[in-house]
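Worksheet for the structure shown next.
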Amino acid sequence: YLQFEAIGIPRVKTDLSVSYVDHNMLQTGFENADDHRYLQSVAAKHGIYFSRPGNGICHQVHLERFGKPGTTLLGSDSHTPTGGGVGQIAIGAGGLDVAVAMGGGPFFLTCPKVVRVELKGKLKPWVSAKDIILHLLRTLTVKGGVGKMVEYTGPGVATLSVPERATITNMGAELGATSSVFPSDKQTLAFLKAQGRAKDWKALAADIKASYEETVTVDLSKLEPLVAQPHSPDKVVEVKSLKELPVQQVCVGSCTNSSLRDLMLTARLLKGKQVHPGVSMTVSPGSRQVFEMISKNGALADMVAAGVRVLESGCGPCIGMGQSPSSGAVSVRSFNRNFEGRSGTKDAKVFLASPEVCVAAALTGKLTDPRKLGAYPKVTLPPKFTVDDRGILPPAKDPKTVEVLRGPNIKPLPTREALGDSLSGVVLLKVVDNITTDHIMMAGAKVLPLRSNIPAISEYVFYTIDPTFPKRAKEAGGGFVVGGENYGQGSSREHAALAPMYLGVKGVWAKSFARIHRSNLINFGILPMTFVTLSDYDEIAQGAKLE
Ligand code: F3S
């Protein structure tokens with residue numbers, strides 16, 4: 001929003017723009033509360049709907065209340081492709097790209113290849129949508145979707161509800177895919193009807209003769225309960241292979257698995273039982289709608305009675321905003337990312353799994369095959385959901401009357417001179433393959449509140465890899481970073497470019513870049529460069545002087 005303001009266009013030019021407060025929720029000081037107030041006022045002034053803190057996680061709320069088949073969606077969060085669950089082409093981008101689009105500018109991307117994932121058969125009891133995407137991550141890896149769009153087809157599609165589809169499209173981001181999309185069919189209509197939005201439905205499917213760059217076939221009936229091991233979403237194995245590893249924390253929630261279906265299932269499995277004394281279990285509902293519905297139908301009471309610690313609707317532990325595990329703990333989460341340190345505890349071991357596997361771990365205190373819990377409960381969802389949009393504030397009718405409220409932590413955006421004809425400096429840091437934006441600019445309750453204050457947040461660049469980086473970069477008057485494959489994967493966090501720019505980083509050499517991070521580097525004046533010969537990576541040492 002600081003960037004949109006800097007562009008100087010008074011009202012957004014999109015059909016719809018929505019601002020969500022979901023990541024920076026903990027108010028341990030004035031910073032986040034000030035940011036919430038700023039965001040609410042700037043949205044009112046510039047024609048943007050404002051989803052209030054507590055109203056839910058952006059992707060879950062957008063799917064419920066706004067997502068329409070056959071439309072495009074650009075979001076400044078890498079899990080924006082969740083919208084593909086309702087047949088939307090939803091793409092994650094950096095904040096500046098989104099600000100430009102809100103101002104009516106075009107969004108540029110390299111046209112992706114299209115991969116067809118053909119789903120056959122039907123999931124067995126205790127195996128769920130999470131296992132489908134974990135299976136794809138096991139097969140294709142976190143680089144497998146780079147430069148690609150994933151389109152789901154085949155007879156297995158009709159067996160999956162929209163929230164299940166959204167779990168899959170959400171974690172298409174972990175494949176590195178530009179986006180993922182399901183057809184719009186009867187399941188889509190049922191979802192939109194339940195949301196009171198049947199008028200938004202239209203049927204959409206791939207042409208029968210559509211051609212694809214590649215095809216992957218998944219037989220749903222052959223899948224087993226899976227889990228991604230630390231510290232990458234593609235380190236996937238069958239739960240039973242882990243031999244009942246002891247577990248200290250379980251978290252159900254995040255934009256991947258916090259729908260009404262997920263929480264009803266969690267409550268049903270916990271009803272009348274007790275969370276293992278060695279486990280701390282949290283549940284964060286994905287939206288206020290989900291929270292209200294589980295409150296009214298008794299599911300919330302069942303979870304509270306079972307010993308669950310219920311959190312507000314928001315990202316929470318997924319982004320390290322509270323609930324950091326104990327030292328060295330094994331934490332099993334229904335989330336989408338398990339990068340080292342993202343939980344807020346550097347030596348925690350985070351596993352990603354379905355809500356079914358999470359509950360089995362919570363009850364037994366071990367990573368257990370959920371099929372040991374007995375009969376699989378049937379969860380029936382109501383045909384009509386509770387619709388109450390009072391948590392989404394419309395923009396002001398008269399923008400002139402709105403004053404934008406800024407707190408002392410909100411600093412102007414730093415800028416940089418145009419790059420010169422030649423660049424020189426030292427290699428400040430050399431890193432390995434698959435470096436995430438969490439490595440470059442960590443999240444967590446301590447650092448995230450500094451997002452509106454670039455000088456302050458820049459002190460944490462590469463903190464988990466080399467805490468001396470900011471000091472060295474400033475002393476050297478900037479320089480270069482050398483990276484391996486898929487540099488900048490993960491979150492669309494543009495601070496992973498903005499803060500290094502502030503420290504004087506001029507260029508990054510890598511074997512390859514993740515799409516959003518490469519765009520963010522360009523947007524903030526850092527030159528992304530790839531090696532012509534990959535072995536050159538081995539030749540360049542940290543400390544080398546380059547021109
Ligand atoms: Fe939030 Fe985690 Fe999703 S930070 S948007 S719940 S990936």
Looking only at helices (runs of 4 or more DSSP H) that lie completely in region 410-501, which have at least 3 residues being under 21 Å from His79 (Cα atoms)?
437-440
Selection from region 338-364 of residues within 24 Å of Leu136 (Cα to Cα), among the charged types (D, E, K, R) and open to solvent by 10 Å² or more (accessible area, probe 1.4 Å) yields Glu340, Arg342, Lys349
Region 296-308 - residue that is among the small types (Gly, Ala, Ser) and open to solvent by 40 Å² or more (accessible area, probe 1.4 Å) and, of those, nearest to Ile392 (Cα to Cα):
Ala301
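This table checks each residue for (1) aromatic (Phe, Trp, Tyr); (2) away from the ligand (no atom under 16 Å from the Cβ); (3) buried (at least 20 other Cβ atoms within 10 Å of the Cβ).
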residue: Leu245; (1), (2), (3): no, yes, no
residue: Gln248; (1), (2), (3): no, yes, yes
residue: Val252; (1), (2), (3): no, no, yes
residue: Thr256; (1), (2), (3): no, no, yes
residue: Ser259; (1), (2), (3): no, no, yes
residue: Asp262; (1), (2), (3): no, no, yes
residue: Gly272; (1), (2), (3): no, yes, no
residue: Gly278; (1), (2), (3): no, yes, no
residue: Val283; (1), (2), (3): no, no, yes
Among Ala456, Ala473, Ala445, which is the only one that is of a type in the set (Gly, Ala, Ser) and over 25 Å from the mean Cα position of the chain (by Cα)?
Ala473
Glu64 - would you say it is charged (D, E, K, R), open to solvent by less than 50 Å² (accessible area, probe 1.4 Å) and within 16 Å of the ligand (Cβ to nearest atom)?
yes
Checking Met293 against (1) under 26 Å from the mean Cα position of the chain (by Cα); (2) surrounded by fewer than 20 Cβ atoms within 10 Å (Cβ to Cβ); (3) away from the ligand (no atom under 16 Å from the Cβ): exactly one of these is not met. Which one?
(2)
Taking the conditions exactly as written (open to solvent by less than 20 Å² (accessible area, probe 1.4 Å), more than 14 Å from the ligand (Cβ to nearest atom) and at pLDDT 95 or above), does Ile89 satisfy them or not?
no
List, please: which pairs have Cβ atoms under 7 Å, are six or more places apart or on different chains, and start with a residue in region 370-398 that is in a helix (DSSP H, G or I) and end with one that is open to solvent by less than 70 Å² (accessible area, probe 1.4 Å) and charged (D, E, K, R)?
Pro370/Glu356; Asp389/Arg65
Please go through region 163-193 and give me each residue that is surrounded by fewer than 24 Cβ atoms within 10 Å (Cβ to Cβ), in a helix (DSSP H, G or I) and over 18 Å from the mean Cα position of the chain (by Cα), ordered by number.
Lys186, Gln187, Leu189, Ala190, Leu192, Lys193
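This table checks each residue for (1) within 16 Å of the ligand (Cβ to nearest atom); (2) modelled with pLDDT under 95; (3) open to solvent by 10 Å² or more (accessible area, probe 1.4 Å).
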{"position": "Gly490", "(1), (2), (3)": "yes, yes, yes"}
{"position": "His495", "(1), (2), (3)": "yes, no, yes"}
{"position": "Trp509", "(1), (2), (3)": "no, no, yes"}
{"position": "Ser512", "(1), (2), (3)": "no, no, yes"}
{"position": "Arg515", "(1), (2), (3)": "no, yes, yes"}
{"position": "Arg518", "(1), (2), (3)": "no, no, yes"}
{"position": "Asn523", "(1), (2), (3)": "no, yes, yes"}
Looking only at region 204-223, count every residue that is assigned to a strand (DSSP E or B), touching a helix residue (DSSP H, G or I) at 6+ places or on another chain (Cβ under 9 Å) and within 29 Å of Val237 (Cα to Cα) and tell me the total.
3
On the given criteria, is His79 touching a helix residue (DSSP H, G or I) at 6+ places or on another chain (Cβ under 6 Å) and crowded, with 23+ Cβ neighbours inside 10 Å?
yes
Picking from Gly425, Gly478, Gly484, Gly420, which residue would you name as being in contact (Cβ under 8 Å) with a residue 60 or more places away in the chain and either surrounded by fewer than 24 Cβ atoms within 10 Å (Cβ to Cβ) or out of contact with any strand residue (DSSP E or B) (no Cβ under 9 Å at 6 or more places or on another chain) (or both)?
Gly425
Within region 80-162, strands (runs of 3 or more DSSP E) holding 1 or more residues that are closer than 24 Å to His231 by Cβ and within 21 Å of the chain's Cα centre (by Cα):
89-92, 148-153
Just need a number here: residues in region 11-35 that are more than 16 Å from the ligand (Cβ to nearest atom) and surrounded by fewer than 19 Cβ atoms within 10 Å (Cβ to Cβ).
10
How many of the residues making up region 97-110 are open to solvent by less than 40 Å² (accessible area, probe 1.4 Å) and of a type outside the set (Asp, Glu)?
6
The listed residue being within 12 Å of the ligand (Cβ to nearest atom) and on the phi > 0 side of the Ramachandran plot, out of Gly316, Gly374, Gly328, Gly344:
Gly316
Any residue at all in region 499-506 that's crowded, with 20+ Cβ neighbours inside 10 Å and either modelled with pLDDT under 95 or within 16 Å of the ligand (Cβ to nearest atom) (or both)?
no
Tell me yes or no: at least one residue of region 224-241 is part of a helix (DSSP H, G or I) and β-branched (Val, Ile, Thr).
yes
If I ask for residues that are away from the ligand (no atom under 14 Å from the Cβ) and of a type in the set (Ser, Thr, Tyr), which ones from region 67-81 would you list?
Thr71, Thr72
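The values are calculated or read from the model by the stated rules, or taken from the named source; none is laboratory data. Because the structure is a prediction, the values reported are computed rather than measured. So basically every Cβ, Gly included, is an ideal-geometry build from the backbone, and we count neighbours across all protein chains shown. Remember, those area values only see protein heavy atoms, side chains included, never the ligands or the DNA or RNA. Shrake-Rupley method; radii C 1.70, N 1.55, O 1.52, S 1.80 Å.
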